[in-house]
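Below you'll find the structure, written out as structure tokens, and then a few comments.
The values are calculated or read from the model by the stated rules, or taken from the named source; none is laboratory data. These numbers come from a predicted model, not from an experiment. Heads up, the Cβs are rebuilt from the backbone with ideal geometry, glycines too, and the neighbour counts pull from every protein chain shown. Heavy atoms of the whole protein, side chains included, go into the accessibility calculation; ligands, DNA and RNA do not. Shrake-Rupley method; radii C 1.70, N 1.55, O 1.52, S 1.80 Å.
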Amino acid sequence: MTENGSNLVLDGNAAAGLLQEIFVLDITTAQIQCEACGCTVAVGALRLYAAPMGAVLRCTYCDGIVMRAVHTPHGRWLEMTGARHLRFSRL
Amino acid sequence: MIETGAVPVRRLEWQRAEVREIVVETSRVKSLLLGVTSWKGHLPGQHVDIRLTAEDGFQAQRSYSIASPPEDELLTLTVERVDNGEVSPYLVGDLRAGDQFELRGPIGGYFVWTAAVRGPLWLIAGGSGIAPLMAMLRHRARWKVRAPALLLYSSRSLEDVIYRKELDAMARRDPDLRIVNTLTRKQPVGWMGHRRRIDKALLAEACFPPEQNPKIFVCGSTSLVEDTSRLLVELGHDPLTIKTERFGPSGG
């Protein structure tokens, strides 16, 4: 599935391992709203651009960047300026 | 019955997996049957991350879909050898029963189907993209689910059809399961089935119509997934009912 060493286009689902290091609830089923176009999809349905250091997650519809997750020796970075909100449905 | 939804996930910890058995699936593909001591179960469609550490400390990490159903004691990963890959040549070529490596999971509740989900199940696979869909089909068989299911499976040749005997046996036993194979590069003499890549006509022929609200799972190469999901939307399926999982261009 994921070949982490190169730049690949995958599904948000494939970034789950990296993101799940940060979130307590299942991140792939969480709904995220894109700041650029306003549409809402499950994080698992975003487009993932896998890079050696981490992941760039883009909107399924407008291709805007909604999440960037990077794993560095100094810590984990999660940048979400491209998202309006992240909703975890009721347990 | 297993339910899906926003469940709290356990903190992802690396665990040791031990290879108990290796099954040769095709000339390029093997299944690794793993014992994971503290495995707490998974849902059909989920994946794991595996991590290999070389003697010099260099680590390589990859994700692999789980091919076994939650009901099985051993965890099955089906791995295709990627020439020049860092991880898969080792997994397919060098691993032996008794060897160990690190694994964490299960991961992802999005690309998941369980017997609790209502409605027809429509699975579309290319090559080793069959793996997570096989977990769903095996789970479905254990629960004797009667809702109709359809697998549309694209392979290069008959020899490249992963799980061929098991899929044939499953379809013979289960009148509610239909399996449609297409062989894109090489067909055996007398092959009566499809012989082209998945296209709109094939999807329109081997399908559940949108009115039946099928749950659709597509897994394969990026091009297969993108072409298929675009065509499904053109055929009138709601994009939200289509769940996709792309492999890298080099596969698993």
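Taking the listed residues B:Gln46, B:Gln100, the one that is out of contact with any helix residue (DSSP H, G or I) (no Cβ under 6 Å at 6 or more places or on another chain), among the polar types (S, T, N, Q) and within 14 Å of chain A (Cβ to nearest Cβ) is B:Gln46, with no other qualifying.
Going through (1) on the phi < 0 side of the Ramachandran plot; (2) within 14 Å of another protein chain (Cβ to nearest Cβ) one by one, B:Trp143 falls short only on (2). Counting only strands (runs of 3 or more DSSP E) that sit wholly inside region A:41-84, those with at least 2 residues that are touching a Gly at 6+ places or on another chain (Cβ under 8 Å) and open to solvent by 40 Å² or more (accessible area, probe 1.4 Å) are A:65-72.
Would you check if B:Lys243 is part of a strand (DSSP E or B) and open to solvent by 20 Å² or more (accessible area, probe 1.4 Å)? Here the answer is yes, as B:Lys243 does meet what is asked. Here B:Cys207 fulfils each of the conditions (1) in contact with a Ser or Thr (Cβ under 9 Å, 6 or more places away or on another chain); (2) in contact (Cβ under 8 Å) with a residue 60 or more places away in the chain; (3) in a loop (DSSP other than H, G, I, E, B) apart from (1). Would it be correct to say that B:Val87 is in contact with a Lys or Arg (Cβ under 7 Å, 6 or more places away or on another chain), away from chain A (no Cβ under 12 Å) and farther than 30 Å from B:Lys144 by Cα? So B:Val87 does not fit the description; no. Scanning for something charged (D, E, K, R), open to solvent by 30 Å² or more (accessible area, probe 1.4 Å) and under 30 Å from A:Val24 (Cβ atoms), does region B:144-158 turn up at least one residue? No: zero hits.
Taking the criterion of being at the interface with chain B (Cβ under 7 Å from one of its Cβ atoms) and touching a His at 6+ places or on another chain (Cβ under 9 Å), the residues of region A:9-44 that qualify are A:Asn13, A:Ala14, A:Ala16, A:Gly17, A:Glu21. Test B:Trp191 against the stated conditions and say whether it is open to solvent by 40 Å² or more (accessible area, probe 1.4 Å), touching a strand residue (DSSP E or B) at 6+ places or on another chain (Cβ under 9 Å) and not charged (D, E, K, R). Against the criterion (open to solvent by 40 Å² or more (accessible area, probe 1.4 Å), touching a strand residue (DSSP E or B) at 6+ places or on another chain (Cβ under 9 Å) and not charged (D, E, K, R)), B:Trp191 qualifies.
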